[in-house]
Every structure is written in structure tokens, then in C-alpha cells.
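S.K.: Following this message is one structure expressed as C-alpha cells.
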Amino acid sequence: MIRVNTCLLVFVLFVLYIHRNYASTKVLYEFHIKEVYGERDEKGELKDNSEDSGEKPELIITGKRSSSYTLLGKETNYVYVETATYVADKSGYHVKYNFSLDPLEIDKRLNGQTLKSTIG
């Protein structure tokens, strides 16, 4: 009985500590979209800097969008990868782009399981 009461008291104190945290952040939405050639992740948060001063909470939107395409050539094939990371807050909209072009290595060997299922 004493262990249960102690655990309950610790839990209540922990909840009160979280409730009194003045730099609280509330996640409004979060989504993940996967497409054929890329994906996109975005999260919208409402950050409350100080509850007592009466300032309005700040909306911060962060996200990442990436896409990749295969470029076929005569001798070698390449994979073009584009990644954009963005942040929108009260100071503006900031985007960081990353582009890369890597050679595509295709493994032409067949897997043993593929051969077994093909033959029967």
C-alpha cells in the first residue's frame, strides 16, 4: 500500500511539474506523405514562451521535403536527390536546399529465392 501511494505521489508531482513548465510547446499537427518519387514531413507547433507576461504564443512550422529521380545515361545511370528543409516562424520563412547526383549501382545478380520461385 505504501508503494502504491508513493508511486501515485511521484506521478502527481511529475504531472504538476510538467504543467508548471513555462516553455511549453503544443504540437498542433504533424503529417507524413510518401509518394512515388519522394516524401514530405511537416509539423506545426505552438510555442508559449511565457504564460505570465501575456505575450501571444508563437506558431512554428518545420518540415522536410525530399525527392529522388533516376537519370538514365548511355554508360552510367545516376540518382538525382533533392532535399529541402524549411522553418517558418515569426522571423520569416527559411529554406535550406541540398542537391546531390550519385551514380546508380544496379546489382545484376539474382537472389536464390527469386530463382526458386521462378523455377517452381
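S.K.: Can you tell me which of (1) modelled with pLDDT of 85 or more; (2) of a type in the set (Phe, Trp, Tyr); (3) over 23 Å from the mean Cα position of the chain (by Cα) is the one Tyr93 doesn't meet?
M.R.: (3)
S.K.: Considering segment 71-85 alone, what residues qualify as being closer than 11 Å to Asp102 by Cβ, polar (S, T, N, Q) and surrounded by 11 or more Cβ atoms within 10 Å (Cβ to Cβ)?
M.R.: Asn77
S.K.: Condition first: exposed (fewer than 14 other Cβ atoms within 10 Å of the Cβ) and not polar (S, T, N, Q). Now tell me which residues in segment 57-70 satisfy that.
M.R.: Those that are exposed (fewer than 14 other Cβ atoms within 10 Å of the Cβ) and not polar (S, T, N, Q): Leu59, Tyr69.
S.K.: Tally the residues that are acidic (Asp, Glu) and in a loop (DSSP other than H, G, I, E, B), restricting the search to segment 88-108. So that I can check it myself, show each step before the final result.
M.R.: Residues of segment 88-108 that are acidic (Asp, Glu), as a first pass: 89, 102, 105, 107.
So of that shortlist, the ones also in a loop (DSSP other than H, G, I, E, B) come out as 105, 107.
The total comes to 2.
S.K.: So, restricting to strands (runs of 3 or more DSSP E) that lie completely within segment 8-87, which ones have at least 2 residues that are at pLDDT 85 or above and of a type in the set (Lys, Arg)?
M.R.: Fully inside segment 8-87 and qualifying: 38-48, 58-71.
The values are calculated or read from the model by the stated rules, or taken from the named source; none is laboratory data. Because the structure is a prediction, the values reported are computed rather than measured. Ideal geometry is used to build each Cβ from the backbone, glycine not excepted, and the neighbour counts take in all protein chains shown.
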